[in-house]
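Student: For reference, the structure I am asking about is given below.
Coordinate-derived values only; no laboratory data. Small disclaimer: the values here were computed from a predicted structure and weren't measured. Positions of Cβ are generated from backbone atoms using ideal geometry, with glycine treated the same way; all protein chains shown enter the neighbour counts.
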Amino acid sequence: MLSKRVIACLDVRDGKLAKSVQFVDTKDIGDPVSKAQEYYADGLDELVFYDITASSDKRNIMLDVVDEVAREIHIPFSVGGGIRSVEDANRLLWAGAEKINVNSAAVTRPELIQELAFAIGNQNVVLSMDIKRVEITREFPSGYEIVINGGRTPTGIDGLEWALRGEELGAGELVVNSIDADGTREGYEINLTRMIADAVSIPVIASGGAGKPEHLLEVLTEGRADAALIASMVHYGEYTVSGLKQWLHDHGVKVRMNW
């Protein structure tokens with residue numbers, strides 16, 4: 001059985017670490033480079049960096065900040081925001097990213113996933129999905145809809161359908177981010193995560209809603225996620241990466257420990 005991963009997410013806006021609740025009321029809360037250093041030293045398994053306004057501003061990601069973070073860590077580093085081509089991806093890889101994380105541009109042009117998988121390998125292509133709960137209808141049989149541009153734009157695409165399509169097109173991992181749970185710290189969307197994890201054969205990263213260790217335990221067991229993405233609970237200093245991993249280990253979850 002593979003170890004479960006604890007992944008920290010750095011949402012970056014104008015070069016500063018930012019945090020929002022359900023993708024609104026975004027506030028600057030610190031320096032992404034110093035946080036990356038701190039979490040890496042404390043045993044983080046993987047780091048995700050999102051330039052959260054690159055897509056909505058229709059600009060490229062901030063390569064200088066990516067480069068600064070990459071110099072400080074030696075763990076898998078996934079970067080997303082405003083990636084619209086293989087050329088964009090290559091610039092990020094040269095800046096130090098290991099995995100390329102696509103979201104809005106892949107929904108707009110699904111063949112981007114195929115192009116990236118061919119150019120850099122499936123294992124380095126991550127499809128992030130921002131998903132909102134909706135009424136179950138013929139259009140949305142899963143009861144979830146994909147939204148893009150930082151949660152601002154509904155797409156009319158069913159969440160489960162898009163997860164399956166992303167895997168078919170060549171994504172090597174899926175980030176399942178619940179808009180409804182994002183920033184609430186009330187727990188992950190277990191039903192959503194489990195539905196997608198059961199339907200695909202690639203790793204699923206649960207995102208949105210982590211507030212206490214029990215939430216990670218729940219999504220990694222009942223939610224069948226391969227990894228749990230965390231943000232607020234470590235950004236504000238209430239928990240540490242090492243403390244969370246020790247708690248999970250003590251509760252029977254296989255995680256990589258720094259012994």
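Student: Among bridges DSSP assigns within the stretch 61-158, what percent are antiparallel (round to 5)?
Tutor: Antiparallel bridges make up about 55 percent of those DSSP assigns within the stretch 61-158.
Student: Amide H of LYS99 versus every other amide H placed in the peptide plane: which residues, excluding those fewer than 5 positions away on the same chain, fall under 5 Å?
Tutor: HN-HN under 5 Å from LYS99: PHE77, SER78, VAL79.
Student: Bin width 10 Å, origin at 0, all Cα-Cα pairs of the chain: what percent of pairs per bin?
Tutor: 7, 34, 40, 18, 1, 0
Student: Going through the stretch 140-189, which trypsin sites (Lys or Arg not before Pro) have at most 13 other Cβ atoms within 10 Å and a DSSP loop state?
Tutor: ARG152
Student: So for the chain, if I pair up every lysine 8 or more residues apart or on another chain, how many of those pairs have alpha-carbons under 19 Å apart?
Tutor: 16
Student: Taking the Cα centre of each part, how many Å lie between the stretch 116-163 and the stretch 219-259?
Tutor: 25 Å
Student: Roughly what % of DSSP beta bridges within the chain run antiparallel, to the nearest 5?
Tutor: The antiparallel proportion sits near 30 percent.
Student: Which loop-located trypsin sites (Lys or Arg not before Pro) does the stretch 62-142 contain, where loop means any DSSP state but H, G, I, E or B and the Cβ has at most 12 other Cβ atoms within 10 Å? Mind dumping the intermediate values first?
Tutor: Details: sites: ARG71, ARG84, ARG91, LYS99, LYS132, ARG133, ARG138; in loops: ARG71, ARG84, ARG138.
Here the trypsin sites (Lys or Arg not before Pro) that fit, given the DSSP loop and packing criteria, are ARG138.
Student: Please identify every one of the GluC sites (Glu not before Pro) in the stretch 123-194 that sits in a loop by DSSP and has no more than 10 other beta carbons within 10 Å of its own beta carbon. Write out the running numbers ahead of the final one.
Tutor: On the way: sites: GLU135, GLU139, GLU145, GLU161, GLU167, GLU168, GLU173, GLU186, GLU189; in loops: GLU135, GLU139, GLU186, GLU189.
Sparse-neighbourhood loop GluC sites (Glu not before Pro): GLU135.
Student: Dividing the alpha-carbon radius of gyration of the stretch 187-259 by 2.2 N^0.38 Å (N being the number of residues), what value is obtained? It would help to have the intermediate numbers written out before the result.
Tutor: Numbers: Rg = 12.0 Å, N = 73, 2.2 N^0.38 = 11.2 Å.
The value comes to 1.07.
Student: Let me ask something additional. Report the residue, chosen from ALA225, ALA95, ALA199, that carries the largest GNM mean-square fluctuation when the chain is represented by alpha-carbon nodes joined by springs under 10 Å.
Tutor: In this elastic network of the chain, the residue with the biggest mean-square fluctuation among ALA225, ALA95, ALA199 is ALA199.
Student: Across bins of 5 angstrom width beginning at 0, how are the C-alpha pair distances of the stretch 109-209 distributed, in whole percent?
Tutor: The distribution over the stretch 109-209 is 3, 14, 24, 25, 20, 10, 3, 1, given as percents.
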